[in-house]
Amino acid sequence: MQAAAPPLKIKPSTARRIALVSALTAAAVAFIWLYAARRDFFDLRIYVSALRWWADGHPLYDYAQPDRVQGELYFTYPPFAALLLRPFAAVPIGVTIGFFCVFTVAAVAVASWWLTAPVADRRGVPRWLLAGLLFPVVLAVEPTRETYFFGQINMVLVLLILADFCFASPRKWFWAGAGVGLATAIKLFPGIFILYFLVTRRWREAAVSALAAAVATLLAAAVAPHDSWQFWTDSLFSTERVGRTDYTGNQSLQGLLARLVAPSEPSKAWWLLLVVAVTAVGMWRAARAFRAGDDLSGVTLTGLVGALVSPITWPHHVFWFLPAVVVLVDSGRRRDLALAGGTLAVAIYGVNTFIDWGVAPDPTRTVGDFLLRNLYVLAALVLVALLPARRPDHGLDTLRNGQT
């Protein structure tokens, strides 16, 4: 008779760690359940409606849905994104919602692992522990809450971008850069990371990114030539399709300017001046961080610059507060820990969850109003100026030396 296997024993320290991670995750879920704004997967429903309109033979970019805040809402992504999403036109909306929910939570878990693995390896801490501590934090912040409840595709883009910097590049993978390229073909915002490859003189990765974006775009053009032509020659330049720039949800430099003068239009000259200045300073600091051995800091700075200079930046676009918190906490300096706490507080409170800003295009009239309506813009500007570059043994590039 075979002897029974001995019972599995868990060390007390491991049990406490599991309990801590479980408690934090439960607290994050409870917080989301009680306080997160319910969006009823509003954006995802628009995507599916537009795709079904397209599947019925109508021009994709002619689809319009009335909205009390924005006027009319459209399908605004490039044709390659439409090509990837097209299968969801053929399944019930409940199946699509379920798929996006599961994918978003899984993507948060993968991103948490990738961001914390180098820190865990260097500090001799189990990878699952640091990833488990970051996971509920990422779940709780407004960028993720808005991604989840709007049914947004932002975490797809985050994974593609982080795959290049946290997985492919440290291992010298030949196709490093393809993730950024595909993300750029899905949504133009990630193109800022091709610029990051260029300023850090990673010419091959920049070329692979550009090639991947071009191939994906040409593939979409071959499948849907009329819609591709309409997007690249007309719809792309119709900025009103994306939304009102003055709406508080738009946390970009243009949004800040628009709220100062609403209902008038902000000065394009001032906006361009700010865009050039922020891009120059931010990418200079990102390049310096890379040269100092901290690629994660450089990637984070690039993401924050992209959020600031984009004409429209919704809260779900600003995932880059989370890598900033990892960099700041890992730095360990008192100033950086305070900045991490402030960044986390801003990201958890958010700009839309607890305040209804209404519909009318009202200007910011008081200092308090200005601060609340531009929380993400101001926090991103502070991080672009102050995010540190950790020592080489602190950075993402520890993996470049063969650490796995």
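Once C-alpha pairs closer than 8 Å and six or more residues apart are averaged by separation and normalised to the residue number of region 255-354, the relative contact order reads 18 percent. A straight chain from Leu272 to Ser22 at 0.36 nm per residue would run longer than the Cα-Cα distance by 85.3 nm.
For region 146-163, backbone phi angles converted through the Karplus equation (6.51, -1.76, 1.60; θ = phi - 60°) give residue-by-residue couplings of 5, 4, 5, 7, 7, x, 8, 9, 4, 5, 4, 5, 4, 5, 4, 5, 5, 4 Hz, Gly and Pro being listed as x.
Amide H contacts of Leu73 (H built 1.01 Å from N, in plane; Pro and chain starts excluded): Gln65, Asp67 sit under 5 Å, all sequence-distant by 5 or more or on other chains. Summarising the label geometry, the points placed 7 Å from Cα in the beta-carbon direction at Arg86 and Thr366 lie 5.3 nm from one another.
In the elastic network of the chain, a GNM with C-alpha springs shorter than 10 Å, the most mobile of Arg390, Arg68, Arg38 is Arg68. Each residue of region 252-269 was assigned a 3J(HN,Hα) from its phi angle through the Karplus expression (A = 6.51, B = -1.76, C = 1.60, θ = phi - 60°), giving 10, 4, 5, x, 4, 5, 5, 6, 6, 10, 3, x, 6, 8, x, 5, 5, 5 Hz with x at Gly and Pro. Which of Pro126, Phe290, Leu257 sits closest to the plus end of the dipole of the chain, meaning its Cα is farthest towards the positive end, when Lys and Arg get +1 and Asp and Glu get -1 on the C-beta? Value: Pro126. Remark: relative contact order (region 173-326) = 23 percent; criterion is Cα-Cα distance under 8 angstrom and separation of 6 or more residues. Length gained on full extension, Trp203 to Arg68, computed as 0.36 nm times the residue gap minus the Cα-Cα distance: 44.0 nm. Placing unit charges on each Cβ (+1 for Lys and Arg, -1 for Asp and Glu) gives the chain a dipole about its Cα centre, and among Val156, Ala178, Ser13 the Cα reaching farthest toward its positive end belongs to Ser13.
Rounded to the nearest 500, the 222 nm mean residue ellipticity of the chain from helices alone is -20000 deg cm²/dmol, with -39,500 (n - 2.57) taken per DSSP H run of at least 4 residues. Taking Gly71, Gly191, Gly249 as the candidate residues, the one with maximal mean-square fluctuation in a Gaussian network model of the chain, Cα springs under 10 Å, is Gly71.
Charge dipole (Cα centre; +1 on Lys/Arg Cβ, -1 on Asp/Glu Cβ; no other charges) of the chain amounts to roughly 1620 debye. How much length is gained on full extension from Arg38 to Ala280, taking 0.36 nm per residue of separation minus their Cα-Cα distance? Length gained, Arg38 through Ala280: 83.3 nm. The relative contact order of the chain comes to 19 percent, based on Cα pairs under 8 Å that sit 6 or more residues apart.
With a Förster radius of 25 Å applied to the C-beta separation of Arg127 and Leu211, the computed FRET efficiency comes to 0.15.
Rounded to whole numbers, the Karplus 3J(HN,Hα) couplings from phi for region 61-69 are 7, 8, 5, 9, 10, x, 8, 5, 9 Hz, using 6.51 cos²θ - 1.76 cosθ + 1.60 with θ = phi - 60°, and x at Gly and Pro. As a ratio to 2.2 N^0.38 Å, the alpha-carbon radius of gyration computed for region 40-401 takes the value 0.96. Applying 1/(1 + (r/R0)^6) with R0 = 25 Å to the Cβ-Cβ distance of Thr14 and Leu386, what FRET efficiency is obtained, to the nearest 0.05? Computed FRET efficiency for Thr14 and Leu386: 0.10.
I'd like the FRET efficiency for Arg333 and Ile355, computed as 1/(1 + (r/R0)^6) with the beta carbon distance as r and R0 of 25 Å, rounded to 0.05. Here the calculated transfer efficiency is 0.15.
We did not get these values from a lab; they are worked out from the coordinates using the rules stated. Values in this document were obtained by computation on a predicted structure and should not be read as measured data. As a convention, Cβ positions derive from the backbone with ideal geometry for all residues, glycine included, and neighbour counts pool all protein chains shown.
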